[in-house]
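Student: Just dropping this structure here.
The values are calculated or read from the model by the stated rules, or taken from the named source; none is laboratory data. Remember, predicted model here, so these are calculated numbers, not experimental data. No Cβ is skipped: glycine too gets one built from the backbone with ideal geometry, and neighbour counts run over all protein chains shown. Surface accessibility is based on the protein's heavy atoms, side chains included, excluding ligands, DNA and RNA. Shrake-Rupley method; radii C 1.70, N 1.55, O 1.52, S 1.80 Å.
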Amino acid sequence: MATLSVCIGSSCHLKGSYNVIQTFQQMIEEYHLPDDTLTFNGAFCMKQCAEPGVAVSFEGAVYHVKPEEARSFFRETVLPVLERGRQ
Ligand code: FES
């Protein structure tokens with residue numbers, strides 16, 4: 001199972017982590033991802049506060065995702081890995 005975590009520390013909160021979480025949740029529903037495909041959770045500060053965008057960790061790598069990029073990030077980075085795992 002893959003793990004997707006969004007930083008909910010104070011700096012990322014100001015940069016829109018709530019919106020990133022909402023977008024990811026919507027997309028998990030839109031794509032009807034089974035419960036055992038993805039663990040999705042919030043995380044404490046990932047020490048990426050100085051970077052632009054909200055810190056998001058996925059499969060051990062850390063990304064910086066602005067709220068307006070959350071949909072394309074999910075589609076281009078998260079979905080392909082999940083689809084590979086289902087084959
Ligand atoms: S608050 Fe998110 S990386 Fe520090």
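Student: So, with +1 on the Cβ of K and R and -1 on the Cβ of D and E, and no other charges, what is the size of the charge dipole of the chain about its Cα centre, to the nearest 20 debye?
Tutor: 220 debye
Student: Separate question: Can you work out the Karplus-derived ³J(HN,Hα) for every residue in the range 65-70? Use 6.51 cos²θ - 1.76 cosθ + 1.60 with θ = phi - 60°, whole Hz, and x for glycine or proline.
Tutor: Working through the residues one at a time gives 10, 7, x, 6, 9, 4 Hz.
Student: Which cross-chain or sequence-distant (5 or more) residues have an amide H under 5 Å from the amide H of Gly42, H modelled 1.01 Å from N in plane?
Tutor: Residues meeting the amide H criterion: Val6.
Student: Got a number for carbon plus sulfur as a percent of the range 1-43's accessible area, 1.4 Å probe?
Tutor: Carbon and sulfur atoms account for 50 percent of the accessible area of the range 1-43.
Student: With θ set to phi - 60°, apply the Karplus curve 6.51 cos²θ - 1.76 cosθ + 1.60 along the range 15-32 and write out the HN-Hα couplings as whole Hz, x wherever there is a Gly or Pro.
Tutor: 8, x, 4, 4, 5, 4, 4, 4, 5, 4, 4, 4, 5, 4, 6, 4, 8, 6
Student: State the cysteines of the chain left without a partner when partners are defined as other cysteines whose beta carbon lies under 4.7 Å away.
Tutor: Cys45, Cys49
Student: Pick from Pro67, Pro34, Pro52 the residue whose mean-square fluctuation is largest in a GNM of the chain, springs joining Cα atoms under 10 Å.
Tutor: Comparing Pro67, Pro34, Pro52 in a Gaussian network model of the chain, the most mobile one is Pro34.
Student: Same structure again: Would you kindly derive the ³J(HN,Hα) couplings of the range 34-46 from the backbone phi angles with the Karplus curve 6.51 cos²θ - 1.76 cosθ + 1.60 (θ = phi - 60°), listing them in order in whole Hz, with x for Gly and Pro?
Tutor: With the stated coefficients, the range 34-46 comes to x, 4, 8, 8, 9, 8, 10, 8, x, 9, 6, 3, 9 Hz.
Student: Semi-axes of the chain's equivalent ellipsoid from the Cα gyration tensor, sqrt of 5 times each eigenvalue, largest first, rounded to whole Å?
Tutor: 22, 13, 11
Student: Out of Ser72, Ser17, Ser57, any idea which swings most in a Gaussian network model of the chain, alpha carbons joined below 10 Å?
Tutor: For the chain, modelled as a Gaussian network with Cα springs under 10 Å, the answer is Ser72.
Student: For a quick check of your reading of the filter: which GluC sites (Glu not before Pro) in the range 49-87 sit in a DSSP loop and have no more than 14 other Cβ atoms within 10 Å?
Tutor: Glu59
Student: Please go through the range 25-87 and write out the chymotrypsin sites (Phe, Trp or Tyr not before Pro) that DSSP classes as loop and that have at most 12 other C-beta atoms within 10 Å.
Tutor: Filter output for the range 25-87: Phe44.
Student: Now a separate question. Residue separation times 0.36 nm, minus the C-alpha to C-alpha distance between Val62 and Gln25: what's the value?
Tutor: Length gained between Val62 and Gln25: 11.4 nm.
Student: Turning to a different aspect of this structure: Leaving out ligands and nucleic acids, note down the accessible area per residue over the chain with a 1.4 angstrom probe, in whole Å².
Tutor: Heavy-atom accessible area per residue stands at 60 Å².
Student: Check which residues have an amide H placed less than 5 Å from Lys66's amide H, if you skip close sequence neighbours.
Tutor: Val54
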